[in-house]
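None of the figures in this text is laboratory data; all of them are computed from the coordinates on show. Please read these numbers as outputs of a predicted model, since none were measured by experiment. When we count neighbours, we look across all protein chains shown, and the Cβ atoms used for this are built from the backbone with ideal geometry, even at glycine.
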Amino acid sequence: MAFLFKSEAARGAIWARAFAEKAPDIAFRQWPDIGDPQEVRYLTAWIPPDDLTATFPNLELIFSVGAGIDQFDLSKIPTDLPVLRMVEPGLIACMVDYVLLGVLALHRDLPAYVAQQRRGEWQPHPVLPASRRRVGLLGLGTLGRSVAERLRLHGFIVSGWSRSPRQLPGIACHAGAAELPAFLAQTDILVCLLPLTKETHGILDRDLFAKLPRGATLLNAGRGGHLVAADLIAALDEDRLGAAILDVTDPEPLSPDHPLWRHPKILITPHVASTTQAETSVEVVLDNLRRHRQGLPLIGLVDRQKGY
Ligand code: NDP
Ligand code: OXD
């Protein structure tokens with residue numbers, strides 16, 4: 001019985017040690033050394049290899065190395081093969097750090113000060129306490145919920161939007177398309193932590209921006225495909241939006257001449273908001289293998305109907 005790891009070698013070395021210690025009955029193999037493909041029961045990858053089931057006929061579980069699953073072509077994976085996305089504490093903690101950093105930067109006008117510094121301009125802007133700033137989270141899942149709690153503890157007024165109704169202490173929760181306009185109307189800083197699906201592709205567009213209060217700001221840590229870049233640039237140029245922080249873009253990386261790069265109201269980071277942490281993630285994977293053997297519910301099981 002073998003577990004095949006197709007991702008960064010450094011992370012793989014840490015997983016290999018944890019497997020040797022905690023699951024010595026499972027042979028840990030690192031791509032491209034797949035060994036006998038018939039023995040591979042479990043596979044983890046950012047993007048699975050082509051001809052998945054023809055090459056590995058005895059696969060029982062497939063893990064995404066990340067929280068997102070949009071990079072998988074689910075139509076090529078048999079429906080009876082469970083697909084798991086990464087739900088692990090290290091990745092959650094890093095995302096909480098990043099969103100707090102970005103929300104504070106938007107709250108305290110950092111994009112404007114960076115642009116002003118480039119122009120040699122000393123121009124203070126009014127300071128508002130966090131208790132008067134309304135932060136709205138698109139997505140109240142594994143990441144959105146932890147981020148919401150951290151922002152609330154920091155003193156922001158926090159609300160969120162999800163597909164199904166949620167109840168979270170101290171967070172105003174909205175759900176479904178019908179409640180999106182009311183959620184947007186009371187959001188000063190909008191944070192996107194949605195999965196990329198057919199429903200959410202291009203959601204950050206002109207219509208959505210028009211429903212935000214004038215001067216609202218945006219932090220996109222979901223996927224580049226959520227954003228219509230031309231609509232963002234138009235909204236910033238018309239002062240409909242005040243600033244944006246983008247951790248994700250479409251494509252990644254952007255071409256050198258892409259207008260997002262040099263827009264004075266945009267800060268870009270290269271898809272680093274969070275990443276799967278080797279030490280904590282392998283524990284979740286080992287736990288899922290135990291659960292699978294014992295017939296218990298799996299953590300991070302992807303719902304193919306919903307696409308996330
Ligand atoms: P989850 O699946 O746990 O949560 C997704 C949330 O989005 C849920 O609240 C879900 O609603 C909501 N949602 C999905 N579709 C819709 C819709 N059509 N309308 C309204 N709400 C919707 O995902 P995670 O929190 O773990 O991760 C979210 C995303 O963050 C990932 O898919 C990935 O794209 C991105 N990510 C980015 C990283 C980066 O470095 N930039 C790192 C890691 C992840 P409901 O609660 O009702 O299901
Ligand atoms: C993820 C990511 O989905 O790193 O985990 O974007």
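Which helices, counted as full DSSP H runs in the chain, have an axial Cα extent of no less than 20 Å and a Kyte-Doolittle average of 1.0 or above? The partial results should precede the final answer.
Details: long enough: 89-107 (26 Å, 1.77); 278-294 (24 Å, -0.81).
Going by DSSP H runs, the hits are 89-107.
In this label model, Asp33 and Lys306 are separated by 3.9 nm, measuring between points 7 Å along each Cα→Cβ vector. Summary of packing: across the peptides 191-201, 54-64, the per-residue average of other C-beta atoms within 10 Å ranks them, highest first, as 191-201, 54-64. Projecting the Cα atoms of Ala130, Pro181, Leu196 onto the charge dipole of the range 90-268, computed from C-beta unit charges around the Cα centre, puts Ala130 farthest toward the positive end.
Which whole-number percentage describes the relative contact order of the range 152-281, with Cα contacts under 8 Å and a sequence gap of 6 or more?
Numbers: 204 pairs, mean separation 22.5, N = 130.
Answer for the range 152-281 is 17 percent.
Using packing as a proxy for protection, rank 278-291, 251-264 so that the peptide with the highest average count of other Cβ atoms within 10 Å comes first.
Details: 278-291: 18.6, 251-264: 12.2.
Top of the packing list down: 278-291, 251-264.
Ordering Thr217, Leu260, Leu296 by the projection of their Cα atoms onto the charge dipole of the range 184-308, which places +1 on the Cβ of Lys and Arg and -1 on the Cβ of Asp and Glu, puts Leu296 at the extreme positive end. Can you give the FRET efficiency to the nearest 0.05 for Asp239 and Glu60, using r as the Cβ-Cβ distance and R₀ = 41 Å? The value I calculate is 0.15.
Work through the residues other than Ile157 whose Cβ is under 10 Å from its Cβ and net out their charges, Lys, Arg +1 and Asp, Glu -1. Show your work: numbers first, answer last.
Working: positive: Arg132, Arg133, Arg134, Arg152; negative: Asp188.
In short, +3.
In percent, how large is the relative contact order of the chain, given Cα pairs closer than 8 Å and 6 or more residues apart? 17 percent.
Peptides 219-230, 100-111 ranked from most to least packed give 219-230, 100-111, packing being the mean of other C-beta atoms within 10 angstrom over each peptide's residues.
Residue separation of Val127 and Met1 scaled by 0.36 nm, minus their Cα-Cα distance, works out to 39.4 nm of gained length.
Annotation for Glu149 and Ala182: the two label points, set 7 Å from Cα along the Cα-Cβ direction, are 2.6 nm apart.
If r is the Cβ-Cβ distance from Ser164 to Arg118 and R0 is 35 Å, what FRET efficiency results, to the nearest 0.05? It would help to have the intermediate numbers written out before the result.
Working: r = 44 Å, r/R0 = 1.27.
E between Ser164 and Arg118, to the nearest 0.05, is 0.20.
Using the crude model of +1 on Lys and Arg Cβ and -1 on Asp and Glu Cβ, and no other charge, please compute the dipole size for the chain relative to its Cα centre, in debye to 20.
Dipole of the chain, to the nearest 20 debye: 960 debye.
Global size of the range 194-308: 18.2, 57 Å for Rg and Dmax (C-alpha atoms, Rg to one decimal, Dmax whole). Computed as a quarter of the hull surface, the mean projected area of the alpha carbon convex hull for the range 71-173 stands at 9.7 nm². Run a plain Debye calculation on the chain (Cα atoms as equal point scatterers, no solvent) and give log10 I(q)/I(0) at q = 0.07, 0.16 Å⁻¹, rounded to two decimals, same order as the q list. Debye output, listed in q order: -0.31, -1.27.
Using C-alpha pairs below 8 Å separated by at least 6 residues, the relative contact order for the range 47-193 is 19 percent. Count Lys and Arg as plus one, Asp and Glu as minus one, and take only other residues whose Cβ is under 14 Å from that of Ile62; the net charge is then 0.
Once the other residues with Cβ under 13 Å from the Cβ of Val272 are scored (Lys, Arg +1; Asp, Glu -1), what is the net sum? Display every interim value, and only then the final one.
Numbers: positive: none; negative: Asp97, Asp247, Glu252.
So the surrounding residues net to -3.
Report the full-extension gain for the segment Ala10 to Asp257: residue separation times 0.36 nm, less the Cα-Cα distance, to one decimal in nm.
On the way: separation 247, 0.36 × 247 = 88.92 nm, distance 3.29 nm.
Difference between extended and current length: 85.6 nm.
How big is the dipole moment of the range 90-268 about its Cα centre under a simple scheme where the beta carbon of each Lys and Arg is +1, that of each Asp and Glu is -1, and everything else is neutral? Debye, nearest 20, please.
Working: 19 positive and 17 negative charges, 104 e Å.
For the range 90-268, the charge dipole is close to 500 debye.
Which value at 222 nm does the chain reach when only helices count, each DSSP H run of 4 or more adding -39,500 (n - 2.57), with the total divided by all residues and rounded to the nearest 500 deg cm²/dmol?
Numbers: 9 runs with 101 residues, N = 308.
Helix contribution divided over all residues of the chain: -10000 deg cm²/dmol.
Rg and Dmax over the alpha-carbon atoms of the range 90-268 stand at 15.4, 48 Å.
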